[in-house]
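Asker: Below is one structure. I have some questions about it.
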Amino acid sequence: MDVDPYLKESGFVTIPLGDCELVSNEKTDDSEKKEDDQKVSTIRRLIPQLLAVTAKNTLALNFGLSIGFPTILIPDLKSPDSSIKLTTEQLSWLGSLFFIIIPFGCLLSGPMIHKFGRRRVMIILCIPFCFAWWIFHAAESPTVLFLAVTMHGLVNGLLEAPILTYVAEVCEARWRGTLASTSVLSSLLGVSLQFLLGTLLPWRQAALLNIAFPILSFVSLLFVPESPHWLAAMGREKDAEKALQWLRGWTTPKNVKEELDELMMTLHGPKKQASPFTWAPYLNRAFLRPFGLVVASFFIGHFTGMSTLQTYAIVIFDAMESPVDSHVATTVEGFIQLSGALLCVLILPHTGRRKLAILCTTGTGICLAGLVFSTNGWLSMLLLLLAVFLLNTCSKVFPWVLIGEVFGPDVRAVASGIASCIGYAMGFLVNKTFFQSVDLLTLRGVFGLYAALSIGGAILYYFTLPETEGRSLEEVQQHFKGESNLVKNTKKGQVNVAFERENP
């Protein structure tokens, strides 16, 4: 039977019916197989997103190494045998200068990634990261040490916006929260790793070894794509399509067409994306509401002990007459911090943001209130460690997850940098005033203040925090524009509808 070549090529077949032939629109077996091959399994969709986030997280690991380095550096510098002599005042600045410098980098971070892209900025900043570690290794004077700390603070500040926005823009809604929360987990892992290096190596050798980590970041980032959101915003639709193909399981253009069309409509629809250097996008409720929420989450975290219970752990354990050595207790606290962040990563997809934030903040308040009335010893130590665990399960991670998903595409880059800047400024403020607060209120009085703020924070979350788990970035924006209500609309079935809509 002769078949018209055009029909055969189109996938149509002819079926003989006596003396006539009927054209059928059924696909051939080869066409059906080709269509089936285009389907991408859940695991295959997850793997490239996990790889992209892991590449980004190597920079978060570097951030943790930077935070932990003064801890192993300062004790050696205090030694009479140190080749570099610093006064007590200089040592205090060495331990805090990083947190003063980093906000300046945060302010520059947003405009940089808007112009040059998330991935490109992260790759470029690996170079000064290596240089800063080399300066630490070769330092022979306090001035050079301060230069290295300043470089670390500036580079880490510049990395804030690309790290936070990249994960939000490459991940699907159902995995975005979990993968975003791994940033804090990676930084805490970096702190622990630096402490371990400090016990095994002198600080100069540790600094030299640390150069390997930004090199690892540089190489890793070469193999992952740029943010499809940024590519689409720059009008590079074809590049955005290729990035989505890679991120959605190395799939075909057909399988990412719907997501790409929605992305292009969001960025280039009736309201075209505005420049980050104009004030208009930053004066409407779509920016002010989420920005206020992020700032509030930083305030709740820092002013309920997130910073001080870590920075002044040894002092606090001594004041509470810890039944174990204060240095040992501080080491235990470090592992508890890491455990809390890990638990957050594991349970966030199941609990959602709202429930986890409300429960953990309430629990923190109860533990801190218990510290006000408990006697020194094991009970106080256990309550403090439990409060640290709950803080790291929510408050340590939560603001950074929010930053990555609550801002619209026209303000996301700059807003991330500004919010990070405010967060670090709050951390510096609460650390700098801790001893004055203890002198004024006593240590238990400070715990009482933290407890009250924790309970107040839980109430604030109950009335204002939307449930963004499983919601696309566009759905989150609709909430802050007042077009929907994700505070009330949080039933599990409704969240699953969002999953199914985005990932049929």
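Asker: For a protection proxy built on the mean count of beta-carbon atoms within 10 angstrom, sort 202-212, 392-402, 222-232 highest first, please.
Answerer: Working: 202-212: 17.4, 392-402: 27.1, 222-232: 21.1.
Taking the mean over residues of other Cβ atoms within 10 Å, the ranking is 392-402, 222-232, 202-212.
Asker: Compute the convex hull volume of the Cα atoms of the range 125-216, divide it by the residue count, and report the result per residue in Å³ as a whole number. Numbers along the way, then the final one.
Answerer: Values: hull volume 8.7 nm³, N = 92.
Hull volume over Cα atoms, normalised by residue count, gives 95 Å³.
Asker: Next question. I'd like to check one number: the per residue accessible area of the range 301-459, probe 1.4 Å, reported in Å² as a whole number.
Answerer: Values: 5970 Å² over 159 residues.
Value for the range 301-459: 38 Å² per residue.
Asker: In whole Hz and in residue order, list the ³J(HN,Hα) couplings for the range 236-241 that follow from phi through the Karplus curve 6.51 cos²θ - 1.76 cosθ + 1.60, θ = phi - 60°; x for Gly and Pro.
Answerer: 8, 4, 5, 5, 4, 4
Asker: Grab every C-alpha pair in the range 65-168, bin the distances at 10 angstrom width from 0 up to the longest one, and report whole percents.
Answerer: So the P(r) values, bin by bin, are 15, 44, 26, 12, 3.
Asker: Whenever you get a sec, compute what percent of the accessible area on the range 327-369 sits on carbon and sulfur atoms (1.4 Å probe).
Answerer: 79 percent
Asker: Residue by residue through the range 420-425, what is 3J(HN,Hα) from phi via Karplus (6.51 cos²θ - 1.76 cosθ + 1.60, θ = phi - 60°)? Round to whole Hz and write x for glycine and proline.
Answerer: Working through the residues one at a time gives 4, 4, 5, x, 5, 4 Hz.
Asker: What ratio of Cα Rg to 2.2 N^0.38 Å holds for the range 314-417? Numbers along the way, then the final one.
Answerer: Details: Rg = 16.4 Å, N = 104, 2.2 N^0.38 = 12.8 Å.
Ratio of Rg to 2.2 N^0.38 Å for the range 314-417: 1.28.
Asker: Okay, moving on. I want the local charge near THR393. Using Cβ-Cβ distances under 13 Å, sum +1 for each Lys or Arg and -1 for each Asp or Glu among the other residues. Spell out each step's value before the answer.
Answerer: On the way: positive: ARG353, LYS355, LYS396; negative: none.
Net of charged neighbours comes to +3.
Asker: Given a Förster distance of 45 Å, report the FRET efficiency between VAL144 and GLU258 from their Cβ-Cβ distance, rounded to the nearest 0.05.
Answerer: Details: r = 55 Å, r/R0 = 1.22.
E(calc), rounded to 0.05, equals 0.25.
Asker: Where the eigenvalues come from the Cα gyration tensor of the range 421-480, what are the semi-axes √(5λ) of the equivalent ellipsoid, largest first, in whole Å?
Answerer: On the way: eigenvalues 226, 49, 9 Å².
Each semi-axis is the square root of five times an eigenvalue, giving 34, 16, 7 Å.
Asker: Show me, for the range 295-312, the HN-Hα J-couplings you get by feeding each phi into the Karplus relation (A = 6.51, B = -1.76, C = 1.60, θ = phi - 60°), rounded to Hz, glycine and proline as x.
Answerer: 4, 4, 5, 5, 4, 4, x, 5, 8, 10, x, 4, 8, 5, 5, 8, 5, 10
Asker: Answer rounded, prolate or oblate for the range 149-283, using the Cα gyration tensor with square roots of eigenvalues a ≥ b ≥ c: rounded when a/c is under 1.5, else prolate when a/b is larger than b/c, else oblate. Don't skip to the answer; put the middle values down first.
Answerer: Values: a/c = 2.68, a/b = 1.86, b/c = 1.44.
Because a/c hits 1.5 or more and a/b exceeds b/c, the range 149-283 counts as prolate.
Asker: Now a separate question. Please give the per residue volume of the convex hull enclosing the alpha carbon atoms of the range 110-169, rounded to a whole number of Å³.
Answerer: Values: hull volume 3.9 nm³, N = 60.
Expressed per residue, the convex hull around the Cα atoms of the range 110-169 is 66 Å³.
Asker: Ranking request for peptides 447-460, 255-268, 410-423: highest mean number of other beta-carbon atoms within 10 Å first, then the rest in descending order. Before the final figure, lay out each step's value.
Answerer: Numbers: 447-460: 20.1, 255-268: 16.4, 410-423: 24.9.
Put in order of decreasing packing, that is 410-423, 447-460, 255-268.
Asker: Give the average over all directions of the projected area of the C-alpha convex hull of the range 210-270, one decimal, in nm². Please list the in-between numbers first.
Answerer: Numbers: hull surface 19.9 nm².
Mean orientational projected area (the range 210-270, Cα hull): 5.0 nm².
Asker: Over 22 Å between C-alpha atoms is what I'm after, so list which of LYS78/LYS396; LYS115/LYS242; LYS115/LYS254; LYS355/LYS396; LYS56/LYS254 land there.
Answerer: Working: LYS78/LYS396 31 Å; LYS115/LYS242 20 Å; LYS115/LYS254 29 Å; LYS355/LYS396 16 Å; LYS56/LYS254 28 Å.
Result: LYS78/LYS396; LYS115/LYS254; LYS56/LYS254 exceed 22 Å.
Asker: What percentages make up the Cα-Cα pair-distance distribution of the range 229-383 when the bins are 5 Å wide from 0?
Answerer: Pair shares across the bins are 1, 7, 10, 12, 11, 10, 11, 10, 7, 7, 6, 5, 1, 0.
The values are calculated or read from the model by the stated rules, or taken from the named source; none is laboratory data. Bear in mind the structure is a predicted one, so any value in this text is a computation, not a measurement. Methodologically, a virtual Cβ is constructed for each residue, glycine included, from the backbone with ideal geometry; neighbour enumeration extends over all protein chains shown. Accessible surface is based on the protein model in full, side chains and every heavy atom, while ligands, DNA and RNA are left aside. Shrake-Rupley method; radii C 1.70, N 1.55, O 1.52, S 1.80 Å.
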